[in-house]
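Notes follow once the structure below has been shown.
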Amino acid sequence: MIVASHDVRRLAPYCDRIALLDGGRLALEGGTGVTLARVLERLAGDDGDEAAAGRGIDQAESRGVVVSAEDLRFSWGGNGFRLGPLSFEIGEGERVALFGPNGGGKTTLLSLLAGVLRPGGGRLQINGGGRRALRRARLAEEVAYVTQNPDLMLHKATVEAEVGARPRYLGKAKPVVLAETRESLRGFELEGLAGKYPFSLSQGQRQRLALAAAVSGGARLLLIDEPTTGQDMRQRRALLGRINALAGAGVATVFSTHSLEAALQAADRAMVVEGGELVFDGAMEKLTGDEGLLELAGLDLPGGGVA
């Protein structure tokens with residue numbers, strides 16, 4: 001059996017050998033004992049502190065409320081799934097990791113916050129405006145949403161055109177569009193791919209492209225469904241570092257994930273949704289200290305294994 005994965009650390013206990021491909025060549029190969037350490041060192045590169053850079057963001061100061069939900073409810077009807085009632089607030093610059101088992105309601109909640117779905121009851125305000133009061137164009141200006149499948153979001157002929165689409169849609173002047181496009185390309189390590197056809201990129205590159213396109217032009221609220229999908233260790237750290245940088249600029253971020261390790265690098269607050277209910281909402285430190293909650297959310301521990 002041969003398994004291709006970016007998550008070498010967790011797979012290593014189940015493997016006899018590890019091989020690292022780099023630039024089309026076999027860069028390292030051998031037994032898991034010594035080879036794992038060498039592979040991890042090679043994958044990490046020199047940017048191991050990028051994601052850590054945002055961990056010291058001061059959340060104590062008073063910041064404006066970006067999302068306010070009170071008794072928020074939704075029902076899919078046919079399959080009987082119900083979400084809510086949920087009540088919570090998310091402030092400027094907050095970094096929220098959304099956990100829960102598959103089918104627990106994470107994507108449904110993100111879709112409600114993005115305006116893709118309409119609440120079935122309760123109250124939802126985005127940046128002080130009622131969800132129904134916000135016109136679609138205004139919502140697009142305030143909220144950036146990246147789905148779990150990046151291919152659903154890509155429709156332009158080149159990477160550069162994809163990243164520049166949002167600021168153009170928002171009616172920004174051409175020089176501003178160009179500047180924001182270049183900034184987003186650079187921030188997500190896509191400068192060298194600007195002229196490429198989006199669907200010629202790897203899955204991880206398409207995920208970064210979808211993120212770059214979503215935040216280009218600015219937003220008050222960034223919603224991401226599984227942001228680290230398809231990213232190797234170095235790219236994952238850079239991407240999480242970018243989330244931290246956006247939070248430092250006041251952008252509220254909510255991202256769903258099954259990776260506790262990623263959340264510890266890019267979130268201060270955790271929300272756990274299970275069976276359509278918000279079973280936990282608090283500091284990351286409180287979540288990591290509760291084995292029952294970790295097991296309920298099905299989270300992988302940073303050192304490998306499941307709580």
Checklist entry - Residue separation times 0.36 nm, minus the C-alpha to C-alpha distance between Arg138 and Glu295: what's the value? => result 52.6 nm
Checklist entry - Quick one: if you stick a label point 7 Å off each Cα along the C-beta vector at Phe88 and Arg17, how many nm between them? => result 4.6
Checklist entry - What length, rounded to one decimal in nm, is gained on full extension from Ala4 through to Gln203, with 0.36 nm per residue of separation minus their alpha-carbon distance? => result 70.3 nm
Checklist entry - In whole Hz, what ³J(HN,Hα) sequence does the range 202-216 give by Karplus (6.51, -1.76, 1.60; θ = phi - 60°), x for Gly and Pro? => result 6, 4, x, 5, 5, 5, 5, 5, 4, 5, 4, 5, 5, 8, 4
Checklist entry - Residue by residue, what Karplus-based ³J(HN,Hα) values in Hz, rounded to whole numbers, does the range 276-283 have, using 6.51, -1.76 and 1.60 with θ = phi - 60° and x for Gly and Pro? => result x, 10, 8, 8, 8, 8, x, 5
Checklist entry - If you stretched the chain out fully between Arg168 and Ala283, how much longer would it get, using 0.36 nm times the residue separation minus the C-alpha to C-alpha distance? => result 37.6 nm
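If packing is taken as the average count of other Cβ atoms within 10 Å, what order do 198-211, 94-107, 112-125 fall into, highest mean first?
Peptide ranking by packing, descending: 94-107, 198-211, 112-125.
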Item to check | the range 164-307 - share of DSSP beta bridges that are antiparallel (%, nearest 5) | outcome: 55
Checklist entry - How big is the gap, in Å, between the Cα center of the range 150-188 and the Cα center of the range 213-271? => result 19
Checklist outcome for this item: Sorted by chain and then number, the residues having a modelled amide H within less than 5 Å of the amide H of Phe280, at least 5 places away or on another chain, are Val272
Checklist outcome for this item: With label points set 7 Å from each Cα along the Cα-to-Cβ direction at Asp71 and Leu178, the distance between them in nm comes to 5.4
Checklist entry - Any idea what the relative contact order of the range 231-296 is, in percent, if you count C-alpha pairs under 8 Å spaced at least 6 apart? => result 20
Next on the checklist: Given a Förster distance of 51 Å, report the FRET efficiency between Thr158 and Asn102 from their Cβ-Cβ distance, rounded to the nearest 0.05.
Outcome noted: 0.90
Checklist entry - Around Ala283, what is the net charge, scoring Lys/Arg as +1 and Asp/Glu as -1 over all other residues with Cβ under 12 Å from its Cβ? => result -2
Checklist outcome for this item: Along the range 222-239, Karplus-curve 3J(HN,Hα) (6.51, -1.76, 1.60; θ = phi - 60°) to the nearest Hz, with x for Gly and Pro, reads 10, 10, 9, 9, 6, x, 8, 4, x, 9, 6, 4, 5, 5, 4, 5, 5, 5
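Bear in mind that the values in this text are calculations on the coordinates, not laboratory data. Note that this is a predicted model, so its numbers are computed, not measured. Cβ sites come from the backbone with ideal geometry, for glycine too, and all protein chains shown count toward neighbours.
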